[in-house]
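Trainee: Pasting a structure here, questions to come.
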Amino acid sequence: MRTSVSVGYWSAGPPPGAQELFEAAERAGVDQIWTAEAYGSDAWTPLAWWGSQTTRIKLGTAVSQLSARPPVTLAMTAMTMDHLTQGRVLLGIGTSNPQVVEGWYGQPYPRPLERTREYIDIVRQVIARAGPVSYDGKHYQLPLPPEHGGTGLGKPLRSILHPYRTEIPIYLGAEGPKNVALAAEIADGWNVIFFSPAMNDFYAGALAEGFARPGARHTAQTFDVVGGPMAIIEDDDIERAADQIRPTLALYIGGMGARGVNFHHEVFVRMGYETEAKKIQDLYLAGDKKSAIAAVPTKLVEDVALIGSWAKITDEIQRWKQTVLTTFSLHADPRRLDKLAALIRR
């Protein structure tokens, strides 16, 4: 099983220890490192800046938001980085949510699955550079036709830049079953958030549906599923360890998205925490973040994280390794990467 680490997106400033994490991951033989974006820092600049100090590890975005860039812009960025890294780019894409897309980018949020399919089609055309790129989709048209505001002067163009690779692996960030199935059908990998071994059969079914579709690019044997515990915290005091994770869970369950359109919230509903998730969301949206954090049950934390003594972690991690995951995400103290990577590789 491969291993990965994630820097995540920034809050008020660069995450402390990010450079050290890149260096530690490279030394520990970790296979992949991922950056992210929300509505502040972007995913690509940190990946290039800190990634420039690496020579081996694969560099990916989890995720590069679809609405932040036209598909050809993302393809240009990925092709450029692929040259600079000599073929180490992993192109992670995701749709984000209506709050960010409409509120931050000022764009509509129509039919995300259909739009994702078109977006990835265009990205692949640009990177392949087989010929001038033209596309007549419901959401994207190249060149822009007069009936959509074009001058009629546009013509299909082929990238001036020759690709380092004619295919760059594309990973889809997905949570719902339809989006997971789409990833299995059209992408090369799936970036998972809030995975739990308890949901393995559910996700295995969604993946199988995608692999069975006509024209699917992969099988379960060749598709990369990147995920794991949202945190690994070695501490004999389980409640103290859980308290480190509760604020993040409360934010995602309660405040990441509007009521009724929070994809993270829905993950925990499917996991069996409908009552608890509703209480957390009600408290969070009412402005009582402290109570929302306190309302996150320890069992819920243990479903999506590995916390406790080293013996407990060592025992429970075996269950995680027997899932659809093919690349195990090590969200842990960088000083423990060697120890954890060795545990995964046993």
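The values are calculated or read from the model by the stated rules, or taken from the named source; none is laboratory data. Please read these numbers as outputs of a predicted model, since none were measured by experiment. Cβ placement follows ideal geometry from the backbone for every residue including glycine, while neighbour counts extend to all protein chains displayed. Each accessible area value is taken on the protein alone, full model and side chains, heavy atoms only, with ligands, DNA and RNA left out. Shrake-Rupley method; radii C 1.70, N 1.55, O 1.52, S 1.80 Å.
Trainee: Quick check on segment 180-310: take the gyration tensor over C-alpha atoms, sort the square-rooted eigenvalues as a ≥ b ≥ c, and tell me if it's rounded (a/c under 1.5), prolate or oblate.
Mentor: Values: a/c = 2.87, a/b = 1.61, b/c = 1.79.
Because a/c hits 1.5 or more and a/b fails to exceed b/c, segment 180-310 counts as oblate.
Trainee: Enter the angle in degrees (range 0 to 90, nearest 10) between the Cα long axis of helix 112-128 and the first principal axis of the Cα atoms of the chain, meaning the one along which they spread out most.
Mentor: Between helix and principal axis, roughly 60 degrees.
Trainee: Ok, one more. With axes computed from alpha carbons, what is the tilt in degrees of helix 274-285 against the longest principal axis of the chain, rounded to the nearest 10 within 0 to 90?
Mentor: The angle comes out at about 80 degrees.
Trainee: Give me a comma-separated list of calculated 3J(HN,Hα) values for segment 77-87, in order, Karplus coefficients 6.51, -1.76, 1.60 applied at θ = phi - 60°, integers in Hz, x for any Gly or Pro.
Mentor: Those phi angles translate into 4, 5, 5, 4, 5, 5, 5, 5, 9, 6, x Hz.
Trainee: List, in order, the whole-Hz ³J(HN,Hα) value for each residue of segment 89-106 obtained from phi through the Karplus relation with A = 6.51, B = -1.76, C = 1.60 and θ = phi - 60°; use x for Gly and Pro.
Mentor: 7, 10, 9, x, 10, x, 8, 6, 9, x, 4, 6, 4, 7, x, 9, 8, x
Trainee: Measure of size requested: the Rg and Dmax of segment 52-119, with Cα atoms as the atom set and Å as the unit; please supply both.
Mentor: When restricted to the Cα atoms of segment 52-119, Rg and Dmax are 13.7, 40 Å.
Trainee: Can you find, among 207, 272, 197, the residue sitting farthest towards the positive end of the charge dipole of segment 189-328, where Lys and Arg contribute +1 and Asp and Glu -1 at Cβ?
Mentor: 207
Trainee: Taking all protein chains in place and a 1.4 Å probe, what share, in percent, of the accessible surface of segment 244-337 do carbon and sulfur account for?
Mentor: Details: 2230 of 4240 Å².
Taking all protein chains in place, segment 244-337 shows 53 percent carbon and sulfur surface.
Trainee: Reachable lysines from residue 138, Cα under 27 Å, same-chain residues fewer than 8 places away excluded?
Mentor: 155, 178
Trainee: Taking Cα atoms, how many degrees apart are the long axis of helix 177-186 and the longest axis of the chain, rounded to 10 and kept between 0 and 90?
Mentor: Relative to the chain, helix 177-186 is tipped by roughly 50 degrees.
Trainee: Now, a different point. So how many Å³ per residue does the convex hull of the Cα atoms of segment 132-178 work out to? Intermediate results must be reported in sequence, preceding the final value.
Mentor: Numbers: hull volume 6.1 nm³, N = 47.
Roughly 130 Å³ of hull volume per residue.
Trainee: Under the classification rounded if a/c is under 1.5, otherwise prolate if a/b is larger than b/c and oblate if not, where does the chain fall, given a ≥ b ≥ c as square roots of the Cα gyration tensor eigenvalues? Mind showing how you got there, number by number?
Mentor: Details: a/c = 1.77, a/b = 1.41, b/c = 1.25.
Judged from the Cα gyration tensor, the chain comes out prolate (a/c at least 1.5, a/b above b/c).
Trainee: Compute, for segment 276-329, the length of the dipole vector about the Cα centre, with Cβ point charges of +1 (Lys, Arg) and -1 (Asp, Glu) only. Units Debye, rounded to 20.
Mentor: With Lys and Arg at +1 and Asp and Glu at -1, about 40 debye.
Trainee: To continue, here is another question. How many angstrom lie between the Cα centre of segment 15-92 and the Cα centre of segment 176-208?
Mentor: That distance is 22 Å.
Trainee: Give me the extension gain from residue 104 to residue 121: residue separation times 0.36 nm, minus the current Cα-Cα distance, reported in nm with one decimal. Present the calculation step by step, with values, prior to reporting the outcome.
Mentor: Details: separation 17, 0.36 × 17 = 6.12 nm, distance 2.49 nm.
Extending this stretch completely gives an extra 3.6 nm.
Trainee: Using a Förster distance of 22 angstrom, determine the FRET efficiency expected from the C-beta separation of residue 136 and residue 114, and round it to 0.05.
Mentor: Values: r = 14 Å, r/R0 = 0.64.
The formula returns an efficiency of 0.95 here.
Trainee: Considering only protein heavy atoms and a probe of 1.4 Å, how much of the accessible area of segment 1-126 is carbon and sulfur, as a whole percent?
Mentor: Numbers: 2920 of 5240 Å².
Within segment 1-126, the accessible surface is 56 percent carbon and sulfur.
Trainee: For the chain, with every protein chain kept in place, what is the accessible area per residue (1.4 Å probe, Å²)?
Mentor: Details: 15880 Å² over 346 residues.
Here the per-residue accessible area is 46 Å².
Trainee: Moving to a separate point now. Can you compute log10 of I(q)/I(0) for segment 1-126 with the Debye formula, treating each Cα as one identical point scatterer, at q = 0.09 Å⁻¹?
Mentor: Debye output, listed in q order: -0.26.
Trainee: Quick check on packing: order 259-272, 150-163 by the mean number of other C-beta atoms within 10 Å, highest mean leading. Kindly include the intermediate steps, with their values, before the conclusion.
Mentor: Numbers: 259-272: 17.4, 150-163: 11.9.
Highest to lowest by the protection proxy: 259-272, 150-163.
Trainee: Okay, moving on. Quick one: Debye curve from the C-alpha atoms of segment 1-47, no solvent, what's log10 I(q)/I(0) at q = 0.13, 0.20, 0.21, 0.27 Å⁻¹?
Mentor: Reported log10 I(q)/I(0), two decimals: -0.29, -0.64, -0.69, -1.00.
Trainee: First check a/c for segment 209-280, with a ≥ b ≥ c the square roots of the eigenvalues of its C-alpha gyration tensor; if it is under 1.5, answer rounded, and if not, answer prolate when a/b is larger than b/c or oblate otherwise. Spell out each step's value before the answer.
Mentor: Details: a/c = 3.10, a/b = 1.51, b/c = 2.05.
Here segment 209-280 falls in the oblate category.
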